[in-house]
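Heads up: the structure comes next, in structure tokens.
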Amino acid sequence: MYGIEATLPKASGGTSDPVYSEVQRRVYSLNYRIKEYEQKISEVQMRIPLVHGDREIEVLHRLLNGNSMRAIGKHMKLSSTTIFRVRNNILFQMIK
């Protein structure tokens, strides 16, 4: 303005906005979790053919749809204890 130019200090590479930094941290964390879930889902999908038995297949599909044990038992007219037992059978079949 008067012949003297004001110089501002240069940025040191990052942002000092704490909200932006927190958003970046959360996005990174969520992306990591999503990758973990994708790996687990693909592992389960590869092992679905190992499950045998009509009851086991029905329970597996309902579990994958997000139904609770109680809801599955009510729909199939079985006790929740039986559904837990069937779920354990499914897991044993998948890990063979």
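The values are calculated or read from the model by the stated rules, or taken from the named source; none is laboratory data. For clarity, every value in this text was computed on a predicted model and none was experimentally measured. Heads up, the Cβs are rebuilt from the backbone with ideal geometry, glycines too, and the neighbour counts pull from every protein chain shown. Ligands, DNA and RNA are excluded from the accessible area calculation, which covers all protein heavy atoms including side chains. Shrake-Rupley method; radii C 1.70, N 1.55, O 1.52, S 1.80 Å.
Phi-derived couplings, Karplus 6.51 cos²θ - 1.76 cosθ + 1.60 at θ = phi - 60°, listed residue by residue for the stretch 27-39: 4, 4, 5, 5, 4, 5, 5, 4, 4, 4, 5, 4, 5 Hz, with x used for Gly and Pro.
In sequence order, the stretch 63-72 has phi-based couplings of 5, 5, 7, x, 6, 7, 4, 5, 5, 5 Hz under the Karplus curve 6.51 cos²θ - 1.76 cosθ + 1.60, θ = phi - 60°, and Gly or Pro positions carry x. When both the stretch 20-34 and the stretch 74-96 are represented by their alpha-carbon centers, they are found 36 Å apart. For the residues Ile41, Ile83, a 1.4 Å probe over the protein chains yields an accessible-area ranking, largest first, of Ile41, Ile83.
Computed from point charges on the beta carbon alone (+1 for Lys and Arg, -1 for Asp and Glu), the dipole magnitude for the chain about its Cα centre is near 660 Debye.
Using heavy atoms of the protein chains and a probe of 1.4 Å, the accessible area assigned to Glu22 is about 60 Å².
The per residue volume of the convex hull around the alpha-carbon atoms of the chain is 166 Å³. May I ask which residue of Leu50, Asn65, Gln24 lies farthest towards the positive end of the charge dipole of the chain, with charges of +1 (Lys, Arg) and -1 (Asp, Glu) on Cβ and the Cα centre as origin? Highest projection toward the positive end goes to Leu50.
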